[in-house]
Protein chains: 2
Amino acid sequence: MSAHSSAADEFNALPPHVWPRHARREEDGVVTIAGVPLPDIAAEFGTPVLVVDEDDFRSRCRDMVQAFGGDQNVHYAAKAFMTTHLVTWVEEEGLNLDVASHGELDVALRADFPPARITAHGNNKSDDFLRRCVSSGVGHVVLDSNQELERLNRIAGELSAVQDVLVRVKPGIEAHTHEFIATSHEDQKFGFSLASGSAYEAAVRCVESENLKLVGLHCHVGSQVFDAEGFSLAAERVLTLYERLIQELDLDTEEFNLLDLGGGYGIAYTNDDRPLDVPKVAHALRAKVQEHAQELGIDPPMMAIEPGRAIAGPSTVTMYTVGTVKDVHYEDRKTRRYISIDGGISDNIRPALYGAEYDARLVNRFTDSDVTLSRLVGSHCEAGDILVHNAYYPSDIEPGDLITLAATGAYCWSMSSRYNMMGRPAIVAVRGGQARLLVRRETVDDFLALEV
Amino acid sequence: MSAHSSAADEFNALPPHVWPRHARREEDGVVTIAGVPLPDIAAEFGTPVLVVDEDDFRSRCRDMVQAFGGDQNVHYAAKAFMTTHLVTWVEEEGLNLDVASHGELDVALRADFPPARITAHGNNKSDDFLRRCVSSGVGHVVLDSNQELERLNRIAGELSAVQDVLVRVKPGIEAHTHEFIATSHEDQKFGFSLASGSAYEAAVRCVESENLKLVGLHCHVGSQVFDAEGFSLAAERVLTLYERLIQELDLDTEEFNLLDLGGGYGIAYTNDDRPLDVPKVAHALRAKVQEHAQELGIDPPMMAIEPGRAIAGPSTVTMYTVGTVKDVHYEDRKTRRYISIDGGISDNIRPALYGAEYDARLVNRFTDSDVTLSRLVGSHCEAGDILVHNAYYPSDIEPGDLITLAATGAYCWSMSSRYNMMGRPAIVAVRGGQARLLVRRETVDDFLALEV
C-alpha cells in the first residue's frame with residue numbers, strides 16, 4: 001500500500017533540524033553519525049548509550065558566537081550537559097562558561113577552564129561556594145538575594161578581594177513555555193524584582209559594598225522559548241534600569257557595561273517543532289539594545305547570552321535496544337503497541353517531568369512496513385515510565401532493533417538517576433569516523449562504592 | 001496574638017502518623033529520632049542528609065507480617081529504597097524481597113539475600129537478567145509478556161532448570177490515585193489482560209512450557225492507594241481466573257497456590273493524609289479471598305503482598321539547611337516567602353514529578369513566631385525546583401535553620417539524580433541513641449570517576 005510506504009519513508013528520514021548535523025541514513029539503512037555506524041557503537045559500548053556529535057556541538061558554539069558578535073558574549077550553560085570533555089570543547093571554541101552550583105564550578109576547574117571566563121549562578125549559593133568563587137577568581141557572580149549580596153561582600157572582604165558581580169533582575173515577563181520551566185515572572189525564586197524596585201536597591205547596595213564591583217545586570221526570560229519577543233522586551237526593560245543606575249549612581253560605563261540576557265533559546269525536539277532562528281533573534285536583540293540605548297542617550301552595553309540546550313541539545317542522541325513488544329487493548333477494540341526499550345525515566349526524565357516529546361527512529365535498518373499506534377516505554381517498575389506517549393511506528397519493530405531518540409543532549413544525562421539500580425548510560429563522542437568513550441556506564445559496583 | 005501562638009504550636013508538633021515512630025521534639029525544642037538529636041547529625045554528616053529510623057523500618061516490616069499472617073506473605077519492594085543494609089534488615093525480619101531490575105537483583109545478592117526468597121519483576125527483563133534469575137535460584141519470576149515467557153523457558157532449558165513463575169494479570173481496575181502511578185488499568189505496559197483472555201493464554205503457555213512451572217498469579221492495582229476496595233475487587237477477579245485455571249488445566253494446588261496482590265498501600269505524607277489501615281485491609285482481603293474461594297469450591301491460595309513505600313516511606317526523613325530567605329510579590333500586594341534549602345529536585349523529584357506534598361518542620365529549635373505564606377525551594381538552577389509549593393511557615397525561619405521533610409524514605413533516594421553536579425545525600429541510620437553512616441555523600445570525585 002502506498003500509504004504504508006509513505007509512512008515508512010517518513011520514518012526512515014532523519015529530520016535535519018532535529019538530528020545532529022552529521023547524522024545520516026546510509027544506503028544500507030544504517031544510521032551513522034560523523035561516519036560512525038550507530039550499531040557499531042551499540043555493539044562496542046552497549047545500550048542505552050548517549051552519542052555526541054562533537055563537531056555538531058562545536059559548530060553550534062561557533063554559530064552562537066557568530067550570531068552574537070564575539071566569543072566573550074556567549075556563555076555555555078554547563079547545567080544542560082557537563083563533562084570535563086565538553087567543558088574543554090567549550091574552552092577551545094573560546095566561549096565563556098556558566099556554572100550553577102559548587103559542584104559545577106569544581107568540575108569546570110578540574111577541566112582547567114579559565115576561572116576569569118566563568119560566571120556563577122544560583123538562588124542559594126553556600127558560603128563555601130561563594131568563597132570558592134572568589135578564591136579561584138571566577139569572573140562574575142550573579143547575585144540573587146540580599147542575603148547573598150551581604151555574604152559575598154563579607155567573604156570577598158575576608159579574602160581581601162573585590163568580586164565583579166551582576167544583579168539578577170526579574171523583568172516581569174512571562175515567556176510562552178511549559179509552566180515548570182518558565183522563570184521570568186515575578187512569583188519564582190530567582191532574582192530581584194524590577195517592578196518593586198528591589199533590583200534597583202540591590203544594585204545600589206552593590207555599589208555601596210566595599211568588596212563588590214557592579215559590572216552589569218542579568219535576566220532570564222525562560223527555557224525552550226520560541227517567541228523572540230520575550231527576549232526583546234526583557235532587554236528593553238533591563239536596559240532602562242541600566243540607564244537609571246548610570247545616571248543616578250554616576251556609574252563608570254568602562255566598568256558597568258554588561259547586559260546578560262540569559263538563555264532559553266528553543267530547539268526542535270520533533271519534526272513539527274521549528275527551532276528558534278538564532279541569527280535572526282541575535283540581530284533583533286542587538287538592534288533593540290542599540291536603538292533603546294540611543295533613545296536613552298547612552299552607549300549600548302556589551303550583551304551576553306547563556307545558551308545550554310541550544311548548543312548541547314541537538315548534538316546528542318540516545319540509543320536503546322528494543323526488549324519486548326506487546327499489544328494492549330484500550331477503550332473498545334482499539335490496540336496500542338507497547339515497545340519496551342532498555343532505558344527510560346532514569347536516563348530521560350523529561351517526558352515524565354515536562355511532557356517533553358522526542359523524535360525516535362530505527363537506526364539499525366530501513367523499514368518498509370506499515371505503521372501501528374505505539375507507545376515507547378522504558379524498563380522501570382513504574383507505569384509513568386514512558387518516553388514517547390503516542391506515535392505511529394513501523395509494525396515490524398522487534399526485539400533487538402535499535403531505537404534512537406534525537407536531541408537528548410540537554411537535561412537528560414544531567415538529570416539522570418539510578419532508579420531501579422539501572423546504571424547511567426555511557427557517553428560516546430563521534431568525530432571524523434572515530435568513536436571515543438567519554439564517560440563509562442555506571443555499574444552496581446559504583447552504587448555500592450558509596451556504602452559504608 | 002493567640003492565633004500566632006496556635007500556628008506556632010501546630011508547627012512545633014510532629015504529626016505521629018507522618019513522622020518516624022521514634023521522632024520526638026525534646027524539651028529544648030530539638031527534634032530527636034531514636035534519641036539522636038537531628039542537629040548533631042547535621043553537624044557530623046552535613047546536609048542534605050537522609051535519616052532512617054531503623055526500628056521504625058523494622059517494626060513496619062513486622063506489622064505487615066502480623067497483618068498478613070506470616071513473613072513469607074510479605075515481599076519488600078526494593079525499588080522504593082534499597083541499600084545492602086536495608087536488604088539485610090528485611091532479611092533479618094524474615095520478609096521476602098522483590099527486585100525490579102538486574103541491578104536490584106545484583107545488590108540483593110551482594111547483600112547475601114537468600115535467592116529463593118526473591119521475586120523478580122519487570123516489563124522488559126533482559127536475557128542476562130533472566131539468566132541471572134535462573135542461575136542464582138531466584139524463587140519466582142513474574143512473567144510480563146509472551147516474548148519474555150518464551151525467553152525464560154529457553155534460558156531455563158539452557159541451564160537445565162525449571163523456573164517457578166507467576167503470570168502478571170491486569171485485572172482491569174483503576175485505583176484512585178495520581179495518573180502517573182496508576183498501574184492496573186488496561187492501557188499500561190505491565191502484565192497480561194484478564195478481560196481479553198491473554199492472561200489465561202499466558203498461564204496455559206506456562207503450563208505447556210517444559211522449563212517453567214506456574215505457581216501462581218500476580219496483580220497490582222496501583223500506588224499510594226487509599227481505597228481498600230480496589231485490592232478486594234482485584235483479588236476477587238484474579239481468584240476467578242485462578243479457579244478457572246485449576247479446573248480447565250487440572251492444576252495441582254500443591255504447586256499452583258499463590259495469589260500475589262502487589263503493593264500500593266498508601267501512606268501519610270501530610271498531616272491531612274490518613275494512611276491506609278493495613279490490618280483492616282489485610283483482614284478484609286483475607287476474608288474476601290476465603291469467602292470467594294469457598295464460593296468457587298476451592299481451597300484458598302496463599303496470599304502475598306509487596307509493600308515498599310508502606311515500609312520504607314515513613315521510616316525516613318530528609319534534613320536540609322536553610323540558605324536564603326526572600327520575599328517575592330505576586331499578584332497585587334501579595335507576598336510569598338521563598339525559603340531556599342541546600343537540596344531540591346535532585347534528592348526529591350516527587351513534588352515536581354507527581355505533585356507530591358510533604359510535611360516540613362524546623363528541627364533545631366522551637367518557634368513561637370507568627371506564620372507567613374511560604375514556598376520551600378531547592379538550590380537547583382530551575383524554576384520548578386520546589387519541594388513544598390504553599391504552606392504557612394514560621395516567619396522567624398532564617399539561614400542556618402534546619403528544616404526536615406518527613407516520609408521521604410520511598411522513591412526519594414532511589415530516584416535521586418546528580419542534577420547540577422550536586423552529590424546525592426548521605427544516608428544515616430539511627431537506633432538506640434546511636435547514629436551510623438550507611439551511605440556516604442557523593443562528591444565531584446565520584447562523578448569524575450566515570451570519566452575516561
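None of the figures in this text is laboratory data; all of them are computed from the coordinates on show. Predicted model only: the values in this text are computed from it and were never measured. With ideal geometry, Cβ positions are generated from the backbone for all residues, glycine too; neighbour counts draw on all protein chains shown.
Numbers below:
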{"read-out": "Other protein chain Cβ atoms within 10 Å, averaged over every residue that makes up B:436-443", "value": "3"}
{"read-out": "Mean projection area, nm², convex hull over Cα of region B:54-313", "value": "12.8 nm²"}
{"read-out": "Centroid-to-centroid separation of region B:327-359 and region A:390-429 [C-alpha atoms, Å]", "value": "30 Å"}
{"read-out": "Proxy reagent accessibility, fewest Cβ within 10 Å first, across A:GLU54, B:GLU255", "value": "B:GLU255, A:GLU54"}
{"read-out": "Potential extension, A:ARG110-A:ALA13 segment - 0.36 nm per residue separation minus Cα distance", "value": "30.9 nm"}
{"read-out": "For region A:262-413: rounded, prolate or oblate by the Cα gyration tensor [a/c cutoff 1.5]", "value": "prolate"}
{"read-out": "Theoretical ellipticity at 222 nm over the protein assembly as shown - DSSP helices of four or more residues, -39500 (n - 2.57) apiece, nearest 500", "value": "-9500 deg cm²/dmol"}
{"read-out": "Gyration tensor verdict on region A:1-61 (Cα atoms; rounded if a/c is under 1.5, prolate if a/b is larger than b/c, oblate otherwise)", "value": "oblate"}
{"read-out": "Kirkwood Rh and Cα Rg combined as Rg over Rh, evaluated for chain A", "value": "1.01"}
{"read-out": "Table column - 3J(HN,Hα) (Hz), region B:267-276, Karplus curve with 6.51, -1.76, 1.60, x for Gly and Pro", "value": "10, 8, 9, 10, 4, 7, 6, 10, x, 4"}
{"read-out": "Length added when fully stretched, A:LYS280-A:ASP252, from 0.36 nm per residue minus Cα-Cα", "value": "6.9 nm"}
{"read-out": "Chain B, relative contact order [Cα under 8 Å, separation at least 6], %", "value": "20 percent"}
{"read-out": "Greater than 29 Å apart at Cα, pairs in B:LYS189/B:LYS280; A:LYS79/B:LYS170; B:LYS79/B:LYS280; B:LYS79/B:LYS213", "value": "B:LYS189/B:LYS280; A:LYS79/B:LYS170"}
{"read-out": "Summed side-chain charge close to B:LEU261 - residues other than B:LEU261 whose Cβ falls under 12 Å, Lys, Arg +1, Asp, Glu -1", "value": "+1"}
{"read-out": "For A:ALA34, net neighbour charge (Lys/Arg +1, Asp/Glu -1) across residues whose Cβ lies under 13 Å away", "value": "-1"}
{"read-out": "Region A:281-337: radius of gyration and largest Cα-Cα distance (Dmax), Å", "value": "25.3, 70"}
{"read-out": "Amide H partners (placed H, <5 Å) of B:SER193, local residues excluded", "value": "B:LYS170, B:SER198, B:ALA199"}
{"read-out": "Inter-centroid distance (Cα atoms) of region A:1-56 relative to region B:197-271, Å", "value": "42 Å"}
{"read-out": "In sequence order, calculated HN-Hα J values of region A:221-228 (Karplus, 6.51, -1.76, 1.60; Hz; x Gly/Pro)", "value": "8, x, 10, 6, 8, 10, 10, 5"}
{"read-out": "Beta bridges by DSSP in the protein assembly as shown, antiparallel share as percent, to the nearest 5", "value": "50 percent"}
{"read-out": "Mean separation of Cα contacts under 8 Å, 6 or more apart, over the residue count of region A:313-413: relative contact order %", "value": "41 percent"}
{"read-out": "DSSP-defined antiparallel bridges as percent of all bridges, region A:238-388, nearest 5", "value": "60 percent"}
{"read-out": "³J(HN,Hα), Karplus 6.51/-1.76/1.60, whole Hz, each residue of region B:163-168, x for Gly, Pro", "value": "9, 5, 9, 10, 9, 7"}
{"read-out": "For region A:78-169: relative contact order, % (alpha-carbon pairs under 8 angstrom, 6 or more apart)", "value": "23 percent"}
{"read-out": "Stokes-Einstein translational diffusion, region B:40-80 - Kirkwood Rh over all Cα pairs, 0.692 mPa s, 37 °C, in µm²/s", "value": "266 µm²/s"}
{"read-out": "Whole-number D in µm² s⁻¹ for region A:201-282, Kirkwood Cα-pair radius fed into Stokes-Einstein, 10 °C, 1.306 mPa s", "value": "110 µm²/s"}
{"read-out": "At 7 Å out from Cα toward Cβ: B:ALA284 inter-copy label distances (nm, ascending)", "value": "5.8"}
{"read-out": "Fewest-first sequence of B:VAL167, A:VAL322 by Cβ atoms within 10 Å of each Cβ", "value": "A:VAL322, B:VAL167"}
{"read-out": "Net charge of Cβ neighbours under 12 Å - reference B:LYS79; Lys, Arg +1; Asp, Glu -1", "value": "-3"}
{"read-out": "Ratio Rg/Rh [Cα only; Rh per Kirkwood] for region B:72-134", "value": "0.93"}
{"read-out": "For the protein assembly as shown: rounded, prolate or oblate by the Cα gyration tensor [a/c cutoff 1.5]", "value": "oblate"}
{"read-out": "Alpha-carbon centroid distance for the pair region B:119-137 / region A:63-115, whole angstrom", "value": "43 Å"}
{"read-out": "Distance in nm between pseudo-label sites at A:ASP128 and B:TYR330 (7 Å out along the Cβ direction from Cα)", "value": "3.1 nm"}
